[in-house]
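The values are calculated or read from the model by the stated rules, or taken from the named source; none is laboratory data. Quick caveat, the model's predicted, so the values are computed rather than measured. A quick note on method: Cβ atoms are made from the backbone with ideal geometry, for glycine too, and the neighbour counts reach across all protein chains shown. These accessible areas exclude ligands, DNA and RNA; they are computed on the full protein's heavy atoms, side chains included. Shrake-Rupley method; radii C 1.70, N 1.55, O 1.52, S 1.80 Å.
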Amino acid sequence: MTVYLVGAGPGDPELLTLKAARLLGAAEVVVYDRLINPALLSLAPKAELIDVGKVPGLPLGQDLINALLVHLASEHHCVVRLKGGDPFVFGRGGEEAQALAEAGLDYEVVPGISSAIAAPASAGVPVTHRGLSAAFTVVTGHRGTKDGPAIDWDALARVGGTIVVVMGVAQRADIAASLIVGGLSPDTPVMVVRNGTHSDQSDLRTTLSLLGSADVESPATIVIGAVAELDLRHDRDATDRAHR
Ligand SMILES: C[S@@+](CC[C@H](N)C(=O)[O-])C[C@H]1O[C@@H](n2cnc3c(N)ncnc32)[C@H](O)[C@@H]1O
């Protein structure tokens with residue numbers, strides 16, 4: 001009779017928490033999203049698997065998913081709602097928790113490693129770094145929608161530190177232009193990582209003025225700020241040393 005709102009982490013199955021793995025093993029039903037690594041589903045051998053992955057542009061209402069969770073919770077002891085990254089970081093896990101609470105049902109949130117931090121890290125970029133960035137802001141690239149207030153990009157440009165943009169690929173040119181108007185240098189370093197921590201991860205480094213024309217596809221996380229110039233990947237260091 002409990003729904004576990006579980007973070008699946010950014011992609012690499014080894015970045016799943018032990019608690020998430022245990023719950024998947026016990027689950028009778030797993031309701032999962034588009035961005036989870038399908039390999040994780042093999043950890044739930046007893047479970048009925050329900051794909052509610054929302055394809056961008058094709059609406060699969062959140063209300064329907066909420067209703068499904070409420071229905072499943074009244075029929076099963078252990079329901080896992082498996083969401084990419086962390087369920088409460090742009091994951092709409094909060095809305096699902098509210099729906100379950102309103103229905104008087106038990107739920108528990110199991111945090112996951114968010115792509116907002118893990119995707120940059122897997123491309124060698126720390127979101128904070130002494131002397132370069134003392135803060136980071138995670139922001140959605142969806143602009144001025146019915147989902148909430150528009151982002152104040154001028155204010156963000158003034159905050160300083162690192163700006164991490166998720167769901168920003170389609171709007172990247174507008175975002176870059178807004179930040180430049182807000183005062184960031186057109187030469188501000190930018191790093192974009194696609195499918196971070198997955199086996200097909202790719203990343204590119206550019207600048208704010210060139211971000212709009214950069215060849216980038218979703219799902220990607222965009223990192224804007226001085227740290228985006230760093231590449232602290234262990235393998236990269238080893239390669240560099242070997243060539244010294
Ligand atoms: C709906 S948000 C969900 C974020 C998720 N809850 C989290 O904490 O990572 C989806 C966006 O997260 C980013 N994202 C998710 N997984 C990613 C990955 N493996 N690599 C890069 N970006 C990723 C992309 O910007 C994608 O459009």
**Asked** trypsin sites (Lys or Arg not before Pro) within the stretch 24-118: which are DSSP loop residues with at most 15 other Cβ atoms inside 10 Å?
**Response** Arg34, Lys46, Lys54
**Request:** Give the long-range amide H neighbours of Glu48: residues separated by 5 or more places, or on another chain, with amide H under 5 Å away, using H modelled in the peptide plane at 1.01 Å from N.
**Result:** Val29, Val30
**Prompt:** Among Gly131, Gly91, Ser114, which residue has its Cα positioned farthest towards the positive end of the charge dipole of the stretch 72-175, with +1 placed on the Cβ of Lys and Arg, -1 on the Cβ of Asp and Glu, and the dipole taken about the Cα centre?
**Reply:** Gly131
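Count the net charge of all other residues whose Cβ sits under 14 Å from the Cβ of Gly183, scoring Lys and Arg as +1 and Asp and Glu as -1. Before the final figure, lay out the partial values.
Values: positive: Arg158; negative: Asp152, Asp154, Asp187.
Neighbour charge sum, excluding Gly183 itself: -2.
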**Request:** Could you list the residues of the stretch 191-206 with an amide nitrogen less than 12 Å from a label point located 7 Å from the Cα of Ala39 in the Cα-to-C-beta direction?
**Result:** 197-201
**Fill in**
Of Leu64, Leu43, Leu16, the most mobile residue in a GNM of the chain (C-alpha springs, cutoff 10 Å) is Leu64
**Asked** Counting only protein heavy atoms and using a 1.4 Å probe, what share of the accessible area of the chain belongs to carbon plus sulfur, as a whole percent?
**Response** 55
**Item:** the chain: relative contact order as a whole-number percent, Cα under 8 Å and 6+ apart
**Value:** 20
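Which value, in debye to the nearest 20, gives the size of the charge dipole of the chain about its Cα centre, when Lys and Arg are +1 and Asp and Glu are -1 at the Cβ?
Numbers: 19 positive and 28 negative charges, 92 e Å.
Roughly 440 debye, rounded to the nearest 20.
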**Prompt:** Roughly how tilted is helix 172-181, in degrees to the nearest 10 and between 0 and 90, from the longest Cα axis of the chain?
**Reply:** 50
**Request:** Skip the ligands, DNA and RNA, and give the accessible area per residue of the stretch 95-205 with a 1.4 Å probe, whole Å².
**Result:** 49
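Determine the order of Thr188, Thr137 by accessible area, beginning with the largest, at a probe radius of 1.4 Å. It would help to have the intermediate numbers written out before the result.
On the way: Thr188 20, Thr137 40 Å².
Descending accessible area places them as Thr137, Thr188.
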